[in-house]
Amino acid sequence: MKEPIWTLARCTVLLSSACILLSEHAAAFETLQLEVREAAGIRRFGYPIALALPEETSASADTHFRLRDGGKLVPAQFRQGHTNGGASIWWLDFNISLLPHEVRFLTLDFGPDIAAAAEPQGLELKRLPDGFEIRNGTELTWILGDSLRPLLKSVDAGGLQHVRPQGLGLSVEAPNGVHHDLGEETVASRVVRSGPLAIAIRYELAPKAGPLAGATSTIDLTFPVSKSWVQVDWQIDDPHGKVRSARAKVAQNLNAPTDKEPTLIDFGASSLVYLSLAPGTLGKLRASQGNSNAAPPRSWEVLRGPANAPEPFVVEPSGAEGGSAEGWAHVMDRSRCLALAIGAFGEEGEDSIEVAAAGDVNIARKFKTDGASPPTKRSLQFWLHFVGFPPHVTAATSPQSMLSPLVVRINKP
């Protein structure tokens, strides 16, 4: 499936130019300037931006908003939410296209006298008895669970099912080395924001007994209309240092590999590493700063071979030619592709992406445990981008784009 490209033709704004342009007779309002910068040197097409607006925009309950690019309205989504402390905030979601290293300045108007802008069409959210359904037109449907077992139950994209019934599951490792699947405890789920341009669902759980008692998890899943990916932000509050690692497992629905049509893998190390997986084998990208607070230079390696004894396939070049691993992968049969990426790959301990030929994809982060005062806040951020094969044709966004979001700065005039 070619990922959905959000366009003005699809999301028509029902306002005349006379309503868009400002005049001396316009009602009173306040403004902020948004500086949007492309800093990674990558062309962006309809790239999603999510921004929590400053507190000053939430002073009034009847505040209205509009986003302008010069004299043109930018289709945008504004939704009211709350901080963890209960304070009111507004979320802004919009999409933008930029050339490499381009900087664009947009204007945010807000105030009670601004006429509310019509919203485009796009995502639709439906509450199910045991989860959520998110639709992006007729080509992409996500099904989420309530219990985290599994968290992501179904991805139907382009008429193809991209995950098996096991879906996406999360687990953490206790000090005794035992892995515990999230969802065994009571889980609270809620909609953080919902609209045509973006939907965000939050899951929260706080074990009160057992080896992980007191280690709370907050998992935010964000779905932008312009891309066929889900962004997963997993925050772990671990005041007693009980969590040794965090893991995510995706049961990707691949055709069974054969000797003639093996599973294909691309790994984003310091350069591209590609390999094929015959039945019964796996490939693994691993990177680490080591398990010391001294934080030696990162190193990486790619392994391939039998599941019980994979061997080095490509290792980090020595000397000046070496470099850190980017931390992404393409996992493909001849119909489907999962493009996944992990933020801060190898920077907080040992990270790995392990792919079995049959389609099981494991993301793991082993946290550093050295030092008198190990961090109590742990995190794991990753993206799962489901497209057709080959991704060069079907995906308008590269893994590097996921790993390098656009930079947004709010300026006061």
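Considering only residues in the range 63-84 that are of a type in the set (Gly, Ala, Ser) and within 26 Å of the chain's Cα centre (by Cα), the one that is nearest to Phe29 (Cα to Cα) turns out to be Ala76.
Against the condition assigned to a strand (DSSP E or B), out of contact with any Asp or Glu (no Cβ under 8 Å at 6 or more places or on another chain) and within 25 Å of Thr397 (Cβ to Cβ), how does Phe45 come out, does it pass? Yes; evaluated as a whole, the condition is true for this residue. Determine whether Glu354 is open to solvent by 40 Å² or more (accessible area, probe 1.4 Å), assigned to a loop (DSSP other than H, G, I, E, B), within 19 Å of Glu301 (Cβ to Cβ) and in contact with a Lys or Arg (Cβ under 8 Å, 6 or more places away or on another chain). The answer is no for Glu354. The conditions of being farther than 14 Å from Ser288 by Cα, small (Gly, Ala, Ser) and within 19 Å of the chain's Cα centre (by Cα) are met by Ala339.
Of all the numbered requirements in (1) assigned to a loop (DSSP other than H, G, I, E, B); (2) closer than 18 Å to Ala251 by Cβ; (3) polar (S, T, N, Q), Thr138 misses one, and that requirement is (2).
Within the range 151-161, if we keep just the residues that are within 18 Å of Lys126 (Cα to Cα) and either touching a Ser or Thr at 6+ places or on another chain (Cβ under 6 Å) or in contact (Cβ under 8 Å) with a residue 40 or more places away in the chain (or both), the residue that is surrounded by the fewest Cβ atoms within 10 Å (Cβ to Cβ) turns out to be Asp156. If only residues of the range 207-225 that are at pLDDT below 90 and among the small types (Gly, Ala, Ser) are counted, the one that is surrounded by the fewest Cβ atoms within 10 Å (Cβ to Cβ) is Ala209.
Residues of the range 268-281 include at least one that is touching a Leu at 6+ places or on another chain (Cβ under 9 Å), β-branched (Val, Ile, Thr) and within 23 Å of Glu350 (Cβ to Cβ). One residue stands out among those in the range 357-374 that are at pLDDT below 95 and surrounded by fewer than 17 Cβ atoms within 10 Å (Cβ to Cβ): the one that is farthest from Ala395 (Cα to Cα), which is Ala372. Checked against (1) among the aliphatic types (A, V, I, L, M); (2) open to solvent by 50 Å² or more (accessible area, probe 1.4 Å); (3) farther than 30 Å from Val393 by Cβ, Ala256 passes all but a single condition, namely (3). Whether any residue in the range 172-192 is among the basic types (Lys, Arg) and crowded, with 17+ Cβ neighbours inside 10 Å is what I want to check. No: zero hits.
The values are calculated or read from the model by the stated rules, or taken from the named source; none is laboratory data. Note that this is a predicted model, so its numbers are computed, not measured. Don't worry about glycine lacking a Cβ; one is built from the backbone with ideal geometry, like all the others, and counts go over all protein chains shown. Just the protein is used for accessible areas: all its heavy atoms, side chains included, with ligands, DNA and RNA removed. Shrake-Rupley method; radii C 1.70, N 1.55, O 1.52, S 1.80 Å.
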